[in-house]
Amino acid sequence: MTEAEALTRKIVKIFDIGAFDLIPSVIAPEYVDHQGLGEQEIRGPDGFREVVEAARRYEGVHVTVEDLVADEERAAVRLRWYGVNQAGVVVTRETLDMLRFANGRLVEHWGSQLFQQEE
């Protein structure tokens, strides 16, 4: 397993179970999220934490890796997200995320939502 793959799986774990304690060891101080959170610029571990908190507002959040391709410094991952929104509606969505790592931490993220289904 490459370092980028192992780090990507830790990042997914942070979202999946709310493992906030892992953030300092995985997210670099110079981290930039090019996807952002609405109009908000996301930088550093604190910004990353805000993204995780926003994702975990859904009840019963569960995130799974569907596909993962990685070399030593980059990873492309397709994720499936499950949760229940505040209205009680089950939401399933799929994202495609590109990650760049340096010195054992995430330094850049680009993401795109592929679909969202509400039941």
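Residues in the range 85-102 that are under 22 Å from Glu41 (Cβ atoms) and either surrounded by 14 or more Cβ atoms within 10 Å (Cβ to Cβ) or polar (S, T, N, Q) (or both): Thr95, Leu96, Asp97, Met98, Leu99, Arg100, Phe101.
Just so you know, in the range 103-114 the residues that are open to solvent by 30 Å² or more (accessible area, probe 1.4 Å) and of a type in the set (A, V, I, L, M, F, W, C) include one that is farthest from the chain's Cα centre (by Cα), and it is Leu114.
Of everything in the range 51-64 that's of a type in the set (Val, Ile, Thr) and assigned to a strand (DSSP E or B), which residue is farthest from the chain's Cα centre (by Cα)? Can you show your working first?
Keep residues of the range 51-64 that are of a type in the set (Val, Ile, Thr), which gives 51-52, 61, 63-64.
In the following step, the residues that additionally are assigned to a strand (DSSP E or B) were identified as 61, 63-64.
Numbers: Val61: 12, Val63: 9, Thr64: 11 Å.
So, considering only residues that are of a type in the set (Val, Ile, Thr) and assigned to a strand (DSSP E or B), the one farthest from the chain's Cα centre (by Cα) is Val61.
For (1) in contact (Cβ under 8 Å) with a residue 60 or more places away in the chain; (2) assigned to a strand (DSSP E or B); (3) surrounded by fewer than 18 Cβ atoms within 10 Å (Cβ to Cβ), each residue gets a yes or a no:
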| position | (1), (2), (3) |
| --- | --- |
| Asp33 | yes, yes, no |
| Arg49 | no, no, yes |
| Glu66 | no, yes, yes |
| Val77 | yes, yes, no |
| Gly83 | no, yes, no |
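Could you check the range 77-112 and list, in sequence order, the residues that are under 15 Å from Ala55 (Cβ atoms), aromatic (Phe, Trp, Tyr) and in contact with a helix residue (DSSP H, G or I) (Cβ under 9 Å, 6 or more places away or on another chain)? Of everything in the range 77-112, just one residue is under 15 Å from Ala55 (Cβ atoms), aromatic (Phe, Trp, Tyr) and in contact with a helix residue (DSSP H, G or I) (Cβ under 9 Å, 6 or more places away or on another chain), namely Trp81. For the residues Val61, Val69, Val90, the requirement of being in contact with a strand residue (DSSP E or B) (Cβ under 6 Å, 6 or more places away or on another chain), over 30 Å from Glu119 (Cα atoms) and not acidic (Asp, Glu) singles out Val69. Filtering the range 4-25 down to residues that are more than 24 Å from Gly83 (Cα to Cα) and touching a residue at least 12 places away in the same chain (Cβ under 8 Å), which residue is surrounded by the fewest Cβ atoms within 10 Å (Cβ to Cβ)? Ranking the candidates gives Ser25 first.
Out of all the residues in the range 18-31, which are small (Gly, Ala, Ser) and not in a helix (DSSP H, G or I)? Selection gives Gly18, Ala19, Ala28.
The values are calculated or read from the model by the stated rules, or taken from the named source; none is laboratory data. Remember, it's a predicted structure, so these values are computed and weren't measured experimentally. As a convention, Cβ positions derive from the backbone with ideal geometry for all residues, glycine included, and neighbour counts pool all protein chains shown. Note: accessible area is taken over every heavy atom of the protein model, side chains too, but ligands, DNA and RNA are not part of it. Shrake-Rupley method; radii C 1.70, N 1.55, O 1.52, S 1.80 Å.
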